[in-house]
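Only the coordinates and a few stated rules stand behind these numbers; no lab work does. Because the structure is predicted, anything quoted here is derived from the model rather than measured. Every residue, glycine among them, receives a Cβ derived from its backbone with ideal geometry; neighbour counts consider all protein chains shown.
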Amino acid sequence: MEKKRLDDHEAATISSPRSLDRFGFLVRPDASTSDGLVKSRSAQFERIREDRRVRKWRKMIGVGGSDWKHYLRKKPHVVKRRIRKGIPDCLRGLVWQLISGSRDLLLMNPGVYEQLVIYETSASELDIIRDISRTFPSHVFFQQRHGPGQRSLYNVLKAYPVFDRDVGYVQGMGFLAGLLLLYMSEEDAFWLLVALLKGAVHAPMEGLYLTGLPLVQQYLFQFEHLVQEHLPKLGEHFAQEMINPSMYASQWFITVFSYSFPFHLALRIWDVFLFEGVKIVFKVGLALLKYCHDDLVKLPFEKLIHALKNFPQDAMNPDILLPLAYSIKISRRLEELRQEYEKKNGKITQSRELTEEQTVQRL
Amino acid sequence: MGAYRADDDYDYLFKVVLIGDSGVGKSNLLSRFTRNEFSLESKSTIGVEFATRSIKVDDKVVKAQIWDTAGQERYRAITSAYYRGAVGALLVYDVTRHVTFENVARWLKELRDHTDANIVVMLVGNKADLRHLRAVSVEDATAFAERESTFFMETSALESMNVENAFTEVLTQIHSVVSKKALEVGNDPAALPKGQTINVGSRDDVSAVKKGGCCSN
């Protein structure tokens, strides 16, 4: 009957096509604007501007990314500025692979992904299957039971715990993988996940998922202090109401804003996140609190928790939120807080160093 | 501190946690109880979620502050902090997956390690609408509940069966523990964010939070 329920449900979605936003998410009839674009600009103006940006970007990265490294070395500030304005959607998948270092991993490890998917089994397979339909359930690509979206999501999520049994499968990874799969192939998505968790360019993020979720705890510690320092009035209000960041911000870090934020905003955050690192997650978090500060400081416990999980539409407009986030300077303090946390709790140990040799040896 | 409480009228505030394996339906039980909603398209819970609802028990308004937690083992690093101060728990398994029932004992131990001995626990066999897929018998679950002195009910968040009853029973039981005992003002370190903490009887008793009033001074 469970199967029947699902089938009925599926039939309903297929036979009565609901409208989709430009990213492929079902638009709820009550939702006013799906992607929060600035309405006053004419669509034509937007298109011309977008075309111009794409041309600039194509020139910057070269055919298939051939000029990328050269350009990055020569003009890192231009790259940074352009990424902060948003990577053109049609180039996003390719650029993400270039800036995350995943393209290099893929080239160094030919055939490895296939091996992981086809020949090895993971103890987490049942857990993964259970979560597949619970990952971006409102996206057209992942909706169809056993459809191509769900299959590729399953493969990537199964391959990772085979690749690294210490990290294994942890709920939340699916949202990372799902987001990536909307912009690249399974194999590319897998290597990007490896690049992030093993730290190809930035500090490794696997501590978000290791036993004890040590990096989540560290990030929450850092975030709580940053709130107190940057928004002292709100920090005090949180303390009084006994609100701690694990109540609202763990999802922000564990899924890098992909769990419950509007997709167009998540993408813009990911552009910067892949290039500049996890710092942007802290900055966006602080910017959200700053933007809503005057409302938040008035709310009692329960309403406060609700507000922290349901930010208003205008707060989630990337063209307002991101500039606010960029204006918050936290680098030095973030590092000091990391050291402070490590002194108290010990260093987070990596499960396994990422080297080409080891990656290949495992097979 | 209490200015806003005027519009939030309750006599007691009880903290309740929803625990159990991943995918047993905790979040849908919560949304069914607090918003009368059920979704086949719900996402896995990452971290913790929170909702409240007030009900009438005898002539008192009892407000439940319910924490819904991620079920995957690894998340206990975050979620077990939320057991603290809970006076009630719904320990949920899926009647169609026996392994989720086998894990109930571990959840119970974890819960009892982190909470007051008198916490009211309701064992909940969810997805009872899937009759032909049943893998856990009512007898087995009843026997377990008797052995462990917990309450027991089967529910279906999908069909809205027994969900109201399960939560109401937990809240009623907590209320009866609280009102049975002679009240004695105390300062419980596990106090909830708002309201006056009342310790009932010895320190082993269920701690509940009562809105400021007769007993606060």
Could you work out the per residue convex hull volume over the alpha carbons of the stretch A:107-178, in cubic angstrom? 95 Å³
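With contacts defined as alpha carbon pairs under 8 Å and 6 or more residues apart, what's the relative contact order of chain A in percent? Mind dumping the intermediate values first?
Numbers: 369 pairs, mean separation 61.7, N = 363.
Relative CO of chain A lands at 17 percent.
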First check a/c for the stretch A:287-354, with a ≥ b ≥ c the square roots of the eigenvalues of its C-alpha gyration tensor; if it is under 1.5, answer rounded, and if not, answer prolate when a/b is larger than b/c or oblate otherwise. prolate
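Report the equivalent ellipsoid semi-axes for the stretch A:212-342 in whole Å, largest first, defined as the square roots of five times the eigenvalues of the gyration tensor built from alpha carbon atoms. Please list the in-between numbers first.
Values: eigenvalues 78, 72, 39 Å².
Value: 20, 19, 14 Å, ordered largest first.
Please work out the FRET efficiency for the pair residue B:134 and residue B:77, using the Cβ-Cβ distance as r and a Förster radius of 35 Å; give the result to the nearest 0.05. Please report the intermediate quantities before stating the final value.
Numbers: r = 33 Å, r/R0 = 0.94.
The value I calculate is 0.60.
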Grab every C-alpha pair in the stretch B:13-52, bin the distances at 10 angstrom width from 0 up to the longest one, and report whole percents. 27, 63, 11, 0
Globularity ratio of chain A, using Cα Rg and 2.2 N^0.38 Å: 1.01
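Please compute the net charge surrounding residue B:140, taking Lys and Arg as +1 and Asp and Glu as -1 over other residues with Cβ under 13 Å from its Cβ. Could the numbers behind the result be given before it?
Details: positive: B:134, B:147; negative: B:102, B:139, B:146, B:148, B:154.
Overall, the nearby charge balance is -3.
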For the stretch B:57-144, what percent of Cα pairs sit more than 21 Å apart? 38 percent
